[in-house]
Amino acid sequence: MKTIRLPIAILSALLLLALPGWTQEENARSSSEDYYDKNFFQLNGGMTLGIPTGNFDVPGVDASLGWNASALIRITRSFPVYAGLEVGNFIYDRERLDFGDLELETRPAVFQMHGMLRIAPPTNFFIRPYVDGMAGFKSLHLKTKFFDPQSEDNSAFESETENRDNAFSFGIALGLEIPIFHADDASHLSLDLRCSYFKGGSAEYFVRRDDAAILNPNDPIEVYEPTNSTTDLIMPHIGLTFNFGRGQMD
């Protein structure tokens, strides 16, 4: 439940921040056509919720918060079409063991990288819709981190990635961009709301063993066992988009 509450709280705060920006945004620009003519480059970052679906929706692979980021550049003059790259990661479980002078934590995770093509149909409304097509890969792996419990910040001093498997991935996303702040006619900051669906190929990944609660492991990786399935995901996203202008694209 806490996983769901945090994005809702952040979304509510960002929407409150956006309210004065909507009025300012309409006054700052004579028409939305100027925005679509001048908007040239986009940087986006935010939180995502990885929700396993289909055969990937198994015990031990929980809906989990993660991050993603993207960069897009406009590739057409007459119509807002962008191309770019998106990366993201989420951890769906963790196991930590304390050995007194050393702590080990193993985290099964999903890393994704996709090429993107975005179409943003022009509108005269302050909320701007878009649709994304994506293709790339996902990497499912275990990462073990080593901690010194005596250190002041308890940060990891070493990490290693094990049992990595990759799968082809493609998907589609629908999103809304809501302006919050304008620097000038072409550059501004927007709230970004999006939901993506990814079809993922088959891959090997790790889930918690049924008898993990009664084990006495010498290594946190011992509480996990491999399984294999397709890796479909639904991924709601909330973030911020920085739009940069370069004048009219003549």
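What follows is calculated from the coordinates using simple rules that are stated; it is not laboratory data. What you see is a predicted model, and the numbers here were worked out from it, not measured in a lab. Glycine gets a Cβ as well: all are built from the backbone with ideal geometry, and neighbour counts include every protein chain shown.
Points worth noting:
- Once the Cα-Cα distance is subtracted from the 0.36 nm per residue extended length, the Phe137 to Phe168 segment shows a gain of 10.7 nm.
- Estimated Rh, the stretch 60-218: Kirkwood, alpha-carbon pairs, angstrom: 18.7 Å
- Computed over neighbours whose Cβ is under 13 Å from that of Ala173, the net charge equals -1, Lys and Arg +1, Asp and Glu -1.
- Neighbour net charge for Arg96 - beta-carbon separation under 14 angstrom, K R +1, D E -1: -3
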